[in-house]
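A quick write-up on the structure given underneath.
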Amino acid sequence: MDFAQLLGKKLKDDLLLEIFAQYDIDVVYDFDKTHENMEDHYWAAAPQHGFQFRFNQAQLLDVIFLYMVPREGFTPIDKAEIDVPIYTSFKEAKQAFEHNGIAFTQSPVEDPNSTWFQRWIKANHGAYTAHYEFKDQQLRMITLSLPNE
């Protein structure tokens, strides 16, 4: 699936409606019940297929979570379904970004004994960002997002 190409699409876009039907996805409205001026969101999850969409208050798809390992009730996504590079390690991702001139940020912890050492790296691809989360030197999740305004 062209996940990165879905970012920025409206909740009721025909392509997204097809995906919802194909994967039997329900959309859940998550509103600010506590009056804390939090933005409302819409969630569309396919736990058995390893991905979840988040739509912002304007009903634009702004974040996609791709689960690489079982967690939070999600099974791992089929890697063949992913349209962005998959890196097996923090080091591999960083080398690829440096080699290809891709701007990135990374977890700032430099102590190799810390659990946050080489925990995440985020590439800025212009139209979207790709955040790679690692734990115990294993890729756990890829989060695709619209760039911050």
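Are there GluC sites (Glu not before Pro) in the range 62-141 that DSSP puts in a loop and that have at most 13 other Cβ atoms within 10 Å, and which ones?
Hits after loop and neighbour filter: GLU72, GLU110.
A crude spin-label estimate for the pair ALA21 and GLN57, with each label 7 Å from Cα along the Cβ direction, gives 3.2 nm. Applied to the range 85-91, the Karplus parametrisation 6.51 cos²θ - 1.76 cosθ + 1.60 on θ = phi - 60° returns per-residue 3J(HN,Hα) values of x, 10, 10, 7, 8, 4, 4 Hz, with x for Gly and Pro. Counting lysine pairs in the chain whose alpha carbons fall under 29 angstrom apart, excluding pairs fewer than 8 residues apart on the same chain, gives 18. Calculated mean residue ellipticity, 222 nm, the chain: -4500 deg cm²/dmol, from DSSP H runs (n ≥ 4) at -39500 (n - 2.57) each, averaged per residue and rounded to 500. The portion of the accessible surface of the range 26-92 made up by carbon and sulfur, rounded to a whole percent, is 52 (1.4 Å probe; DNA, RNA and ligands excluded).
3J(HN,Hα) along the range 74-83: 9, 8, x, 6, 5, 4, 5, 7, 8, 9 Hz, from the Karplus curve 6.51 cos²θ - 1.76 cosθ + 1.60 with θ = phi - 60°, whole Hz, x for Gly and Pro.
Distances between placed amide hydrogens fall under 5 Å for ARG119 paired with SER107, all partners being 5 or more residues away or on another chain. Here the Karplus curve 6.51 cos²θ - 1.76 cosθ + 1.60, taken at θ = phi - 60°, turns the phi angles of the range 4-17 into couplings of 4, 6, 7, 4, x, 6, 6, 3, 9, 4, 4, 5, 5, 4 Hz, with x standing for Gly and Pro. Cα centroids of the range 82-133 and the range 1-50: how far apart, whole angstrom? The range 82-133 and the range 1-50 have Cα centres separated by 25 Å.
Could you state the accessible area per residue of the range 1-137 in Å², with a 1.4 Å probe and every protein chain left in place?
60
Values (1) 27, 18, 16; (2) 21, 19, 15; (3) 24, 17, 15 are given for comparison; semi-axes √(5λ) of the Cα gyration tensor in Å, derived from the coordinates here, is the one labelled (1).
The values are calculated or read from the model by the stated rules, or taken from the named source; none is laboratory data. Keep in mind that what you see is a predicted model, and the values were worked out from it rather than measured. Neighbour counts are summed over all protein chains in view; Cβ atoms, including those assigned to glycine, are modelled from backbone coordinates with ideal geometry. Surface accessibility is based on the protein's heavy atoms, side chains included, excluding ligands, DNA and RNA. Shrake-Rupley method; radii C 1.70, N 1.55, O 1.52, S 1.80 Å.
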